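Engineer: This is the structure I have questions about; it appears just below.
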Amino acid sequence: MLQTAKNFPRGFAHLPFYFDAARQAQLIEAVREGVKQAPFFTPQMPRTGRPLSVVASNFGELGWVTDKERGYRYESMHPVNGRSWHPMPDVLKTLWCDVTDYPDLPEACLINWYREGSKMGAHLDNDEQAVGAPVVSVSLGDSAIFRMGGKKRRGSTKGIRLFSGDVVVMAGESRHCYHSVSKVFFGESTLVPKGGRINLTLRRVRL
Ligand code: MD3
Ligand code: FE
């Protein structure tokens, strides 16, 4: 049963501790496998080339990438080594089917690794053609404060703390709202081999 957080936009659901410790370890193992083929790269802001503070990789047919020259987009190959992304793990396809009723599977799972001091500023996820599809996220490792705003960049936000194993579903209105990660409790968890927080976001890209 999806739990709707108080005062959050419609369509937002938080499922605390959806994955137990054993399943979390299994997901981290899948990430370790994936990044052998498609190592973490440093995403850059369009135009300025300023590095994001997270490093990223992807699972699936398509992966989200960004650089100075070409900006935000989905690509079927790793931006540095040109290899395909590791296939989407079955456990993530199953998650998508269990928490959404979207008719198609996600082609992309963005893997963001938050290390010491990493944050994510307020942004919209609008690089997908399938704007009607939800986004599903899995948090692993150190907990973080996730903040949700509205459809405009400015204005009030509501925060919740996301812990390892938590799943968040952004459907409906919430899918089109600004959001950010304002703090990571670095060093809290030992789940991630070199420390920090891993966030997986499952996305349907094509219509
Ligand atoms: C709300 N990641 O990768 S996950 C991202 O915790 C991203 O690392 C955050 O925002 C993190 O783009 C948030 C939850 C999430 C994911 C997608 C959303 C919230 C969202 C899309 C629209 C609105
Ligand atoms: Fe986002």
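The values are calculated or read from the model by the stated rules, or taken from the named source; none is laboratory data. This one's a predicted model, so the numbers in the text were calculated from it and none came from an experiment. We place every Cβ from the backbone using ideal geometry, glycine too, and count neighbours over all the protein chains shown. For accessibility, only protein heavy atoms count, side chains too; no ligands or nucleic acids. Shrake-Rupley method; radii C 1.70, N 1.55, O 1.52, S 1.80 Å.
Engineer: Listed residues Ser76, Ser53, Ser139, Ser84; which is among the hydroxyl-bearing types (Ser, Thr, Tyr) and either closer than 30 Å to Arg10 by Cβ or touching a helix residue (DSSP H, G or I) at 6+ places or on another chain (Cβ under 7 Å) (or both)?
Structural biologist: None of the others qualify; the one that does is Ser139.
Engineer: Would you be able to say whether some residue in region 80-87 is open to solvent by 60 Å² or more (accessible area, probe 1.4 Å) and within 16 Å of ligand 1 (Cβ to nearest atom)?
Structural biologist: No.
Engineer: Oh, and also: Quick check on this structure: which one of Arg197, Arg204 is away from ligand 1 (no atom under 11 Å from the Cβ) and either touching a residue at least 60 places away in the same chain (Cβ under 8 Å) or charged (D, E, K, R) (or both)?
Structural biologist: Testing whether each residue is away from ligand 1 (no atom under 11 Å from the Cβ) and either touching a residue at least 60 places away in the same chain (Cβ under 8 Å) or charged (D, E, K, R) (or both) leaves just Arg204.
Engineer: Okay, next question. Got a number for residues in region 14-65 being closer than 28 Å to Met148 by Cβ, outside any helix (DSSP H, G or I) and either open to solvent by 50 Å² or more (accessible area, probe 1.4 Å) or among the acidic types (Asp, Glu) (or both)?
Structural biologist: Final tally of qualifying residues: 13.
So that you can scan it fast, the table gives a plain yes or no per residue for (1) near ligand 2 (Cβ under 10 Å from one of its atoms); (2) among the aliphatic types (A, V, I, L, M):
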{"site": "His123", "(1), (2)": "yes, no"}
{"site": "Val135", "(1), (2)": "yes, yes"}
{"site": "Ser143", "(1), (2)": "no, no"}
{"site": "Lys152", "(1), (2)": "no, no"}
{"site": "Thr157", "(1), (2)": "no, no"}
{"site": "Ile160", "(1), (2)": "no, yes"}
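Engineer: With the requirement that a residue be outside any helix (DSSP H, G or I) and either under 14 Å from Leu200 (Cα atoms) or within 17 Å of the chain's Cα centre (by Cα) (or both), what does region 80-97 give you?
Structural biologist: Selection gives Trp85, His86, Pro87, Met88, Pro89.
Engineer: Scan (1) aliphatic (A, V, I, L, M); (2) within 26 Å of Phe40 (Cβ to Cβ); (3) within 16 Å of ligand 2 (Cβ to nearest atom) for the single condition Met77 breaks and write down its number.
Structural biologist: If we test Met77 against (1) aliphatic (A, V, I, L, M); (2) within 26 Å of Phe40 (Cβ to Cβ); (3) within 16 Å of ligand 2 (Cβ to nearest atom), just (3) comes out false.
Engineer: Still on this structure, please answer the following. State which residue is modelled with the lowest pLDDT when the search covers only region 1-13 and only residues that are open to solvent by 80 Å² or more (accessible area, probe 1.4 Å) and out of contact with any helix residue (DSSP H, G or I) (no Cβ under 8 Å at 6 or more places or on another chain).
Structural biologist: Met1
Engineer: Out of region 151-170, which residues are in a loop (DSSP other than H, G, I, E, B) and open to solvent by 30 Å² or more (accessible area, probe 1.4 Å)?
Structural biologist: Result: Lys151, Lys152, Arg153, Arg154, Gly155, Ser156, Thr157, Phe163.
Engineer: Please list, ordered by first then second residue, the pairs with beta carbon atoms under 6 Å, 6 or more apart or interchain, first in region 151-180 and more than 11 Å from ligand 1 (Cβ to nearest atom), second assigned to a helix (DSSP H, G or I).
Structural biologist: So the pair list comes out as Ser164/Gln24; Gly165/Gln24.
Engineer: Identify, please: which residue in region 124-140 is of a type in the set (Asp, Glu) and more than 28 Å from Phe186 (Cα to Cα) and is, among those, most open to solvent (accessible area, probe 1.4 Å)?
Structural biologist: Asp127
Engineer: Of everything in region 108-134 that's of a type in the set (A, V, I, L, M, F, W, C) and outside any strand (DSSP E or B), which residue is nearest to Gly155 (Cα to Cα)?
Structural biologist: Only one residue fits best here, namely Leu124.
Engineer: Return yes when Gly187 is more than 11 Å from ligand 2 (Cβ to nearest atom), open to solvent by 50 Å² or more (accessible area, probe 1.4 Å) and within 23 Å of Pro106 (Cβ to Cβ) and no when it is not.
Structural biologist: No: the conditions fail for Gly187.
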